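Only one structure is covered here, and it is reproduced in the block below.
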Amino acid sequence: MNKPTTPSVNPFRINLQQQKKRAKELLKTAHTQDAAANLRFINSHPDFKDIAPPLETMKLSDAQLVIAREFGLASWAKLKTHILDMAQAVKAIDSDVIKPDADYSTLHIRCGTDLQTTLPNAGFIGDFLEYTDPYSQGPIIHDDNFLTKRIKFLHESFTHILNMSAEETKQRYEESHFKLTKAAETYKRIVLWFEHDSFDQLILARLLAYFEESGSPEKLELISINHFPGSVRFIGLGQLPVEAIRMIWSQRKAVNQQQLELAKKLWQALGMDTPENLLDIINSKEIHHLPDMHDALQRHIQELPSRFNGLSLTEHLSLEILNQHSMTAAMLFKKLMLEYDPLPWLGDGMYWFILESMMQVSAPVFDISKADLQQAWPERTLSITQTGRNVLSGKQDWLSLKPPARYLGGIHIQSDQPCWHWHKETGNLRISVF
């Protein structure tokens, strides 16, 4: 039997009484012409978009609407329904009577381990497969040596960070791939659990392309989630309590042929040495067959050097944060994920790899003390240099500092060769060679 899921502190567990109290407090401050309350009404109340409301006329229902919309819900009634659904999910888990996936032999596939224990704790009994490869970093070369090249990249880039030997990396990668090849014939239903960021969506494209080519199980279903109401920014499924995972189960949808064919096109485009085909797909109508793919791929392309200063968006945002004040890499990662990145996609090990690559240049853009260099990445304190400020402001091009060559999918980025850049003009993402 599962452990009772007595609610504990979690930013995605919402208490109705607490929200009623918050609404009353917001109304009270609004009636005093409080500037912060005024801004909240402008940002979240549909009747006062971009104009200052007459706050003294606000009612409790108006404050409740603001609270609900700040959670990403359309109305106070929908907030109450959401809270009730969460409570019912808790009761269902605690009763341990219904196993949500017991009707078919089921394999749950996730690009990480964050649901490996959460799913059983939420009452699921199907098997679990972690299929993880950060396709948003490193080479995607569509040839007979694809797996070998990916294993080589993972070993050379992350082994010293994750403390895994070359053999362990190879064994882990090949084992998950082998299990994938047997999945469709072993299970009647496969459920793909994914988020909206480029890390997840690129792996999703890979998996769907594989099933399109090799054949799908009788039931292939997808959960792709981009939001969940809570008091902090939603980044991933691993943030959510077990009752939320139980609720999300009802949102799964059968994968259709249009999605499989789109994924196959995307996967091929990701492996090309030019981003032009990928951008064409992003701007096509068919991209919406996979609802979270458009924004994820736009964010992926922004890891090309920018036209402004040659930095990827992740590199740019990192220097922008450090330009405010020095901080540990752990704090830098947290601020990047929770506040700055428009669509966070990084795991911490992937970020340490980026920071480490940023150190391998002709002139440092941030300093780390000799003592801190002996520490693990999270404990190292980073301070921006004048070179870093020059690059951040566009006075000096990042590629002039000769950073290490890298791949973004099939695109090889080398500082001594013309390469693709991304830039935004009139709100549109564009690419060009410089």
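Just so you know, all these numbers are worked out from the coordinates, no wet-lab data involved. Just so it is clear, the structure is predicted and the values come from calculations on it, not from any experiment. Because the Cβ atoms are built from the backbone with ideal geometry, glycine has one as well, and the counts that use them run over all protein chains shown.
Quick look at the values:
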| quantity | calculated |
| --- | --- |
| Dipole of the chain [Lys/Arg +1, Asp/Glu -1 at C-beta], most positive-end residue of Leu311, Gly215, Leu290 | Leu290 |
| Quotient of C-alpha Rg and 2.2 N^0.38 Å, computed over segment 114-220 | 1.13 |
| Neighbour-count ranking [beta-carbon atoms within 10 angstrom, fewest first] of Cys419, Cys111 | Cys419, Cys111 |
| Stretch gain in nm, segment Arg22-Thr328, where the contour uses 0.36 nm per residue and the Cα spacing is subtracted | 106.8 nm |
| Of all DSSP beta bridges in the chain, antiparallel share, percent nearest 5 | 45 percent |
| Bridge type composition, segment 292-434 - antiparallel percent by DSSP, nearest 5 | 95 percent |
| Lys, Arg +1 and Asp, Glu -1 on Cβ, resulting dipole of segment 252-352 about Cα centre, debye, nearest 20 | 280 debye |
| C-alpha center-to-center spacing [segment 176-229, segment 11-80] in angstrom | 39 Å |
| Of the trypsin sites (Lys or Arg not before Pro) in segment 156-240, those whose Cβ has at most 14 other Cβ within 10 Å and which sit in DSSP loop | Lys188, Arg233 |
| Residues Lys80, Lys99, sorted so that the one with the fewest Cβ neighbours within 10 Å comes first | Lys99, Lys80 |
| Cα Rg over Rh - segment 302-433, Kirkwood | 0.95 |
| Inter-label distance for Val9 and Glu175, nm, one decimal - labels placed 7 Å from Cα along Cα-to-Cβ | 3.6 nm |
| Gain on full stretching of the segment that runs from Leu84 to Thr113 - 0.36 nm per residue minus C-alpha separation | 7.6 nm |
| Extent along principal axes [Cα atoms of segment 1-142; Å; largest to smallest] | 58, 48, 24 |
| Potential lengthening between Glu286 and Glu339 on full extension [0.36 nm per residue; Cα-Cα distance subtracted] | 16.0 nm |
| Cα-based convex hull, segment 98-296, per residue volume (Å³, whole number) | 131 Å³ |
| Zone residues, segment 329-358, relative to Ala376, backbone N less than 20 Å from point 7 Å out along Cα-to-Cβ | 329-337, 346-357 |
| Of Gln259, Ala329, Ile301, farthest towards positive along the dipole that unit charges on Lys, Arg, Asp, Glu beta carbons give the chain | Ala329 |
| Cross-link partners of Lys170 among lysines (Cα-Cα below 17 Å; sequence separation of 8 or more within a chain) | Lys149, Lys152, Lys179 |
| Only Lys, Arg (+1) and Asp, Glu (-1) charged, at Cβ; segment 74-126 dipole about Cα centre in debye | 220 debye |
| Rounded FRET efficiency, nearest 0.05, which uses the C-beta distance separating Glu213 from Gln417 and R0 of 51 Å | 0.95 |
| Cβ charges +1 (Lys, Arg) and -1 (Asp, Glu), total dipole of the chain, debye | 1180 debye |
| Greater than 20 Å apart at Cα, pairs in Lys28/Lys335; Lys21/Lys59; Lys20/Lys80; Lys80/Lys253; Lys20/Lys59; Lys99/Lys188 | Lys28/Lys335; Lys80/Lys253 |
| Farthest toward positive dipole pole in the chain [+1 Lys/Arg, -1 Asp/Glu at C-beta], among Phe124, Leu382, Ala244 | Ala244 |
| Segment 197-227: GluC sites (Glu not before Pro) in DSSP loop, at most 13 other beta carbons within 10 Å | Glu218 |
| Equivalent ellipsoid dimensions for segment 184-317 as semi-axes, Å, which come from the Cα gyration tensor, largest first | 27, 22, 11 |
| DSSP beta bridges in segment 98-296 [antiparallel fraction, %, rounded to 5] | 10 percent |
